[in-house]
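Colleague: Input: one structure, supplied below.
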Amino acid sequence: MKKRLPCENTGCLLAADPSAPDYVFVKAFQLFQAMSPQLAADVFRSLRENSREIYKGALISLANERRLRPVFIQRKSVDAQIDWLVKTVKLKSSDGAAEHILQIWLLKCHKDLLVDFLDAVGVPHDGDGSVEELPDELDAQKVGPAIDKLLETRSPELVATYLWMFQTQKPGGWPPLTVRLHEDPRLRFGAAAVSEEKEESTTDETEPDSEPEPAAASTGEPEEA
C-alpha cells in the first residue's frame, strides 16, 4: 500500500507516488475541512435561501446519521443550525452527505460556473451544468485557459471547490486538472491540512436528545429549517 501524505494546501490526501492512478484522494468532507468557515457557512445559507426543502432534507439526514432527533437541531437559531451542519459535514462518516450537499449547492447556486467551465473544456452538458457521460480525457490545452477565465470573475476558493468536486467524479481524476490544482497557487485553500483519520468526536455525539436546548444565538429566536 502506498504511503499517503497530507496536502498542506487542500486538506486532501495524496499518494506518495505522483504517477500512481490513485494520486488524488480528496473527498467532500475534506473539502469542508479545508475551505474557509465563511464559504462552508455560505453553502448552507445559500441552500436555505434558494432551496429550503433541500436544506431541510440535509439537516434531517445529518441529524439522523448522528442519531439525533432532527427537531433537536431545527429548534436552534439559524446560525446555530448552520454551525452544527458545518461541523458535522467535516466528519469522515458524513462524506456521502457532504458530497451530495456540495453537488446540489453547485448546481443550484453556481450553475453559471459549471456551464462556463464545461463549455470551455468542451464537455457536453444539459445546459444546466449536469453531465450525462464524463469524458475519459480533458484537453490539457483547454484546462488552463478555462480555469484562468473562471478566476477572472469568481472567488478562487469557490473555483477550487468546484474543480475538486469535478475531480471526484472520475477515479484518479483528470491529469491536466490534477496538475493545475496542485501547482496553481491561486487554487490553494488557506485552511490547515487535516488527516483522513481525523477524530470524529463532537459534542453532539454525546449530547442526549432530551437535554435542554442551548440559548438562541444573537440573531434572534430559534427558527425551524
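Just so it is clear, none of the values below were taken in a lab; they were calculated from the coordinates. The model shown is predicted, which means the values in this text are computed figures rather than measured ones.
Colleague: Tell me, what HN-Hα J-couplings in whole Hz come from the Karplus equation 6.51 cos²θ - 1.76 cosθ + 1.60 at θ = phi - 60° for each residue of region 56-69, using x for Gly and Pro?
Modeller: 5, x, 5, 4, 5, 4, 5, 5, 4, 5, 8, 6, 10, 5
Colleague: Report ³J(HN,Hα) in whole Hz for each residue of region 149-156, in order, from the Karplus equation J = 6.51 cos²θ - 1.76 cosθ + 1.60 where θ = phi - 60°; Gly and Pro get x.
Modeller: In residue order, the calculated couplings are 5, 4, 6, 5, 10, 10, 4, x Hz.
Colleague: Something else now. Can you work out the Karplus-derived ³J(HN,Hα) for every residue in region 181-186? Use 6.51 cos²θ - 1.76 cosθ + 1.60 with θ = phi - 60°, whole Hz, and x for glycine or proline.
Modeller: Per-residue couplings from phi come out as 5, 8, 10, 8, x, 5 Hz.
Colleague: What whole-number distance in Å separates the alpha-carbon centres of region 69-119 and region 133-172?
Modeller: 20 Å
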